[in-house]
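Okay, structure first, notes after.
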Amino acid sequence: MKKTKSANAAVAAPKSTLKNMQKYKGFYLMFIPVLMFTVAFHYLPLAGISLAFTEYRGVKAPEFVGLDNFVRMFEAPGFWTAFLNTLKLSVVKLLLNTLMAVVISLLLNEIKNMAFKKTTQTIIYLPHFMSWVVTVSVFSLILSPSQDGLVNTLLVNAGILEQGQEIYFMGSKDWWTSIFYIINVWKDTGWGTIIFLATLSGISPELYEAATMDGGTRWHKIRYITLPALSNTIITVLILNLAKVMNLFESVFVMQNDAVIQQADVLQTYIYTQTFNSGALPNYGYTTAVGIVKSLVGCVLVLVCNQISKKIRGRGII
Amino acid sequence: MKKKLICTMLAGVMAASVLAGCGGDGKTAAGTVKDEDGITIPEKITVMVDGTLVTKSNGQQEFIDRWEELTGIELEIIQPDHSAYYDVLGQTIASGDWPDVMLLSPTYYTGYVEEEALWDMTEAWENSELKASGRINNEELIDNLYIDGHLYGFATARGNGCVTYVKKKWLDNCGLDVPTNYEEYIEMLDAFTNGDPDGNGVNGDTYGVSAAGLIGVEEPYVNYLPEFYQDAYSSFYQKEDGTWADGFTEDSMKEALQRLKDAYEAGYIDKESLTNATSDCRTKFYEDKFGVFTYWAGTWATNLKTNLANNGLDSELVAIPPIEELGAYLERRPAVWAITTQCENPEGVFKYFIENMLDGGDMQTLWTYGVEGTHWSTAAETVCENTYEEGEFHMLESLESPGTQYTKNNIDPMLSIGDYIDADPGANQIAEEARESQEIFNENSTLAPSVKSTDEMSQFNGDLTTLKNSIIADIVTQGMSVEEGYQRFEDEGGAEWSQKIVDSLNEE
Amino acid sequence: MAKVAVKKKKKITVFDVVNTIVFILISLLILVPIWKVLVDSLDLRTSYGMSLWPKEFGFDGYITVFSNPTLYKPFLISVVTTVCGTALGLLLCTLGGYVLIQWKMPGRNILAGLLLFTMIFEGGMIPTYLVVNKMQLTNTLFSVIFIPAINIYNLVLMRNFFEGIPNALFEAAEIDGCTPMQIFYKIVLPLSKAALASIGLMFAVTYWNDYTNFKIYITNADLYNFQMKLRSMIMGSDLPTALGGATENTVKNAAVMVAIIPFMIVYPFCQKYFISGMNLGAVKE
């Protein structure tokens, strides 16, 4: 602030930027640790992206093959099915999970009994701590077509299904996708509420009190106070998750089986089977190429949605 | 130009570390001591191995100490988590700092041979004392590891496989004998499914057989429901005349699928076989839901038995010889020990590390049973409620999971291909049921077909396998007929890919 | 005004009743699958189907897990990595988030872009390993602490929370002559307790549950964490190196339950931050 003696008109603009930067000196310093970690663990490995244009099995030096890996990928018979499946399963899952998490957060926020609220909160977080393997094995049992299957037994007892007509949910082309969403909602919704509940707890109680004084109904308060306060977080969470949309793997991998493979094959599982059955060492060049395509899709989705968000709300997420 | 650029970029991050590794870190450096055969004795050997060797929490340090005591050579063991073994192996190789020896699955073995990463041990093996000693009881296994006339890896034991277990009590309750052909097998499944084999007074609350998947995901694919597949094989194999074929396109597979379909629709096969994990199958077996289970021979026989007994059930299992139509169970190809080309003294490592494992004496006992006093003992004592007399060889209580008793170290005594010079010290401690099932398997098995990789194979086999498995699922569980299934195979390009791969295999 | 609020709270409406019932149902739906695991962990018999109670009750599964002497050190390692990792992760997140709300700072958008880019593009498994190896961090706890600490997702969420702090506060502090660092720990951090608690919890759980980084970067079993050990117990039944003892199924399910317990003990202590949250009301007046 105290510097800038030579006021030369020609260099006024850069000078003011410099001056401005001087003002923010402290902030730049604070950013150094973040930058250091980002460079060390993200930017240095990024040099590996060049592997996408090589054939590299980890032993001999990478051999430049141009765009071969990409050509092979796009020409692979199952690639586009897997690609579209990934987009569909992943985006629907994301929307469903977020919607459910928001609804549950709003409802939880309305609970007045603190003990009940705390207990419920703890319970809905629990599924996050179970691995996918365990989760799916328990659900396979609950959805089993045998007499052990809870759901089928209930349906038969309720007279909806007849004995012997039990549904093999996990092995049925018609049911698999819905079951996939349900299990995902079961496992992730609770944990997803954390960030929304934290946002809600930041809303000043006075706003609600004022609304009550004005005779606002519960719905009004949700509509005009709570939801607007949440909207920023919802958009941020949605867009951030779009970046990782193509990474869907473990949940699908442990749930898929031979009967539903056309519905359930996603990009990552497809590449996994391709590598596994190739009879050769994994080609890291190829997997890197797949990674780039996944990233590009994530990138496009994030940029597009960020742009939409800017149009509607006047700002993006970052 | 572009190539140059790429290479330069890579060099920055990667090649440096590769080069750093090439220098070696002082292993087997200066002091060259030669033994009586003129082979330099290594000073230190670095080994990469998966979870099949005693882990750190199970007394690996004692193992290393004993090994060093027996050889006078320093031993370093790198043992990544079992489930991530091949990821870590791949990274370690890529980092350039290679171990001297590594344990490899059949696929990685052929892969690394192709990449010229393994030392050719043909001569070392051919001229070894071990080969000359005549104690190798299964030289065919080693012969099968030759690639284009050269040997790059050595197996100390057979790869094992699955044998069919039948609950003895269920047979008795139904008044049946052990099935010897497919007709009797189906008769048995029918009795187990529609009768009352468990004797609970309810007919039809059980079924015949269960499996984790109608077809396996890894070689030898057809090993979980062998009685139905019989001589059919779902993937590529080399015929006796040396030409390659895709078993899926042959009539034997069509017939096998019809058998599976009929049995599935009759309810003989677990309705959930598509989605079962192996642990689901075991759990159902322990709960007396079904009576016939094809599972690993050997130690697993004891495990199945113990768990059945824990559930208060009759635990007697009969491991049956393969039915007539099947002829032989399929044996998995073994994992092999290979020496890397970065190893500075491969002859020494072969002699002192690999060959030594089957020395027929102390070293073999170390690899088979572990360390005396840590993993086994001959003292008079009681271990896990079993009492042993002085001088009686027995395994000790596990350090990691108290209450359980060790079974073996790296080499399974029942699968070892090297005989002891004298008697196997631990021969008598092996549980009877384990021995029985293993003997039935060993006498009635053939080695699973080997695979080769070609460009076409790596391009198409992923999609091809997915399509095949999907067709199998559709035919067996979703009511599609065999003809329709094979029509789908034609329509969706399977036949074409299959032909391309067969051609490429035959070309080489 | 306070009185009105209290009165209102006591009135139970139809909505409250319905809401309570909804949450009881949700809790039940969530608990049914977990109940199955719990029952199996306490059942000495192996049972496939669903049952309300164990057929043969016993703690043998838990005894097997807890009497395992090789679990103590991994537990300590988990505590160390979780505490250090969460602290480091929160530090990076809050620093980054705070800098990113300086909308007028020159280069702010470039820095933001730099971070977002790494969230979308990654070098892949092998290159990351080679870099970590080159820094000589493999087989040290630094690798498993450092790598998850820089989490752009959490950083952006943190920034999102910081945005809610009224500008007037910053301006006032600046006029008082506070440096950016002083504003950071005197105003930003104290006002973001809910954010710190929630994102801290997300970090802590990531570190506690981590096994992917461990299995890739740690080959020395002496440095394994609790989760690695439990996983090998859960998966280990496929590779039996020892026989006897409690049924494999009982032990496996006990291990799954044991993995949840630390969270259930620690979580109630964090909970108060979610409920009180930041109190902006006082500031506004």
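Assorted remarks:
- Computing FRET efficiency as 1/(1 + (r/R0)^6) for B:Asp35 and B:Ser450, where r is the C-beta to C-beta distance and R0 is 41 Å, gives about 0.70.
- Taking every residue in A:127-136 and counting other chain Cβ atoms within 10 Å of its Cβ, the average works out to 6.
- Going by neighbour counts of Cβ atoms within 10 Å, the residues C:Ile34, A:Ile308 line up, fewest first, as A:Ile308, C:Ile34.
- Between the range B:343-419 and the range B:216-271, the alpha-carbon center distance in angstrom: 38
- Cα point-scatterer Debye curve for the range B:404-508, base-10 log of I(q)/I(0) at q = 0.19 Å⁻¹: -0.93
- Pairs of alpha carbons in the range C:66-284 whose separation is greater than 21 Å (percent): 64
- Along chain A, counting only trypsin sites (Lys or Arg not before Pro) with a DSSP assignment other than H, G, I, E or B and at most 12 other Cβ atoms inside a 10 Å radius, the longest segment between sites is A:61-318.
- Take each residue of peptide A:138-147, count the partner chain Cβ atoms within 10 Å of its Cβ, and average: the result is 5.
- Global form of chain A, assessed from the alpha-carbon gyration tensor, a/c cut-off 1.5: oblate
- Counting every C-alpha pair in the protein assembly as shown, the share spaced more than 50 angstrom apart comes to 30%.
- Which of C:Ser27, B:Ser235, C:Ser198 has the fewest Cβ neighbours within 10 Å, and the rest in rising order: C:Ser27, B:Ser235, C:Ser198
- Sequence-distant contacts, meaning Cα pairs under 8 Å at least 6 residues apart, place the relative contact order of the range C:66-284 at 32 percent.
- Neighbour net charge for B:Asp314 - beta-carbon separation under 14 angstrom, K R +1, D E -1: -2
- Whole-percent P(r), the range B:325-462, all Cα pairs, 10 Å bins from 0: 10, 28, 30, 21, 9, 2, 0.
- Cα-Cα separations in the range B:141-292 greater than 20 Å, expressed as whole percent: 57
- Value of Rg/Rh across chain B [Cα atoms, Kirkwood radius]: 0.99
Any read-out appearing in this document is the output of simple, stated calculations on the displayed coordinates, not a laboratory observation. Note that the coordinates shown come from a computational prediction; the quantities given were computed from them, not determined experimentally. Cβ sites come from the backbone with ideal geometry, for glycine too, and all protein chains shown count toward neighbours.
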